[in-house]
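Just so it is clear, none of the values below were taken in a lab; they were calculated from the coordinates. Model, not experiment: these values are computed from the prediction. Neighbour counts run over all protein chains shown; Cβ positions are idealised from the backbone, glycine included.
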Amino acid sequence: MSQSTTVPPVSNPGQTKDPSTRALRPRKAARGGHGEDVGGPAPIWVRVVIGLLCLAWILPVFGLAVTSLRDRTDAAASGWWTIFTSPSQLSRLTVQNYVEVFERAPMAQAFVNSLAISIPATVIPILIAAFAAYAFTFMEFPFRNLLLVLVVALLVVPNQVAFAPILNIYGQLGINGQFIAVWGAHIGFGMSLAIYLIRNYMATLPKEILESAKIDGASHFQTFWKLIIPMSVPALASFAIFQFLWVWNDLLVALIFIGPGPNQPLTLALNSLLGQQGQGDQLLTAGAFFTMILPIIVFLSLQRYFVRGLTAGSVKG
């Protein structure tokens, strides 16, 4: 009887026989080109630059808050930073400017009006753009790429060129000065950017999920609502922040399509505090700081989605 001989496997010169070195390969692959860990602490110069950038953003807000608590005489005589060199000025800080703001302008009603304008003007374009982005990404229909190019091309058209014709149309419909007029303007101006951003995000989603949904018999609406929308929350939240801040801080569109009156938002109420000859300038800081509170809360609440939405699709694998 012949004995079977076992042929030892031929080792590749490029491979190693030591299992300990084989286990170290993932760690080496996770290192940068200079042998440094990718997830390690940032260099000192990066920390310094980030700290300076944060300081550049925080200082104006802090200065605005301090100035809003100073009376007109102190604010005109010296800068807000003098409270650190002259601590006696701390005793003269007052909330009288905020009291006068609410006495001279209907800030409470304007705050409600701004919410009534900003929330629909943010939610409606996101819903419509999400449907359009899904169609441009996952559905096949004639002239799909051409229509997408036309939508993106609208981004280069200045909004100001559409004010006159839109104002004439609204005048014929009799909706000037109403919320629906400014809703339509903001929805139209923000729709192109919303479709572009959300479509680019949806294009990074794995196609296997859509194929699995088709095998399970899901319709396009079920796939869109139950799968694509939950996976696209970072992109939706990112655009929601941009759109909400843009609508909340808008003055030009509100001035043209609503104007001063019972439906005026905070920006128009804030503008009415300043007289024709500059009187009441000490109230602008208090009013401006009041209008900043809600946008700051919105951004801090959605910042984790904001970062994920901006960085999604930048790294694959």
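Brief remarks on what is shown
- Note, ³J(HN,Hα) from phi for region 204-221, Karplus 6.51, -1.76, 1.60, rounded to Hz, x at Gly and Pro: 8, 6, x, 5, 4, 5, 5, 5, 5, 5, 5, 5, 6, x, 6, 7, 4, 5
- Along its first, second and third principal axes, ordered by size, region 103-144 spans 58, 14, 8 Å in Cα coordinates.
- Computed P(r) (all Cα pairs; region 102-313; 5 Å bins; percent): 1, 7, 13, 15, 16, 14, 12, 9, 6, 4, 2, 1, 0, 0, 0
- Between amide H atoms placed 1.01 Å from N, distances below 5 Å from SER272 occur with no residue 5 or more places distant or on a separate chain.
- Listed values for region 231-236 are Karplus-derived 3J(HN,Hα) couplings in whole Hz (6.51 cos²θ - 1.76 cosθ + 1.60, θ = phi - 60°), namely 6, 9, 4, x, 5, 5, and x replaces Gly and Pro.
- Region 134-210: chymotrypsin sites (Phe, Trp or Tyr not before Pro) falling in loop per DSSP and having at most 12 other Cβ within 10 Å: PHE143
- Burial ranking of peptide ranges 239-249, 209-219 (average Cβ count within 10 Å, highest at the top): 239-249, 209-219
- Förster-model FRET efficiency, 45 Å R0, LEU146 and ASP281, C-beta, rounded to 0.05: 0.30
- GluC sites (Glu not before Pro) restricted to region 83-162 and DSSP loop, no more than 14 other C-beta within 10 Å: GLU140
- Modelled label positions at LEU127 and LEU167, each set 7 Å beyond Cα in the direction of Cβ, lie 3.0 nm from each other.
- Residue-span extension gain [VAL46 to ASP216] - 0.36 nm each, minus C-alpha spacing: 56.3 nm
- Table column - 3J(HN,Hα) (Hz), region 53-62, Karplus curve with 6.51, -1.76, 1.60, x for Gly and Pro: 5, 4, 5, 5, 8, 7, 4, x, 5, 5
- Whole-angstrom Cα spans of region 90-198 along principal axes, big to small: 68, 39, 22
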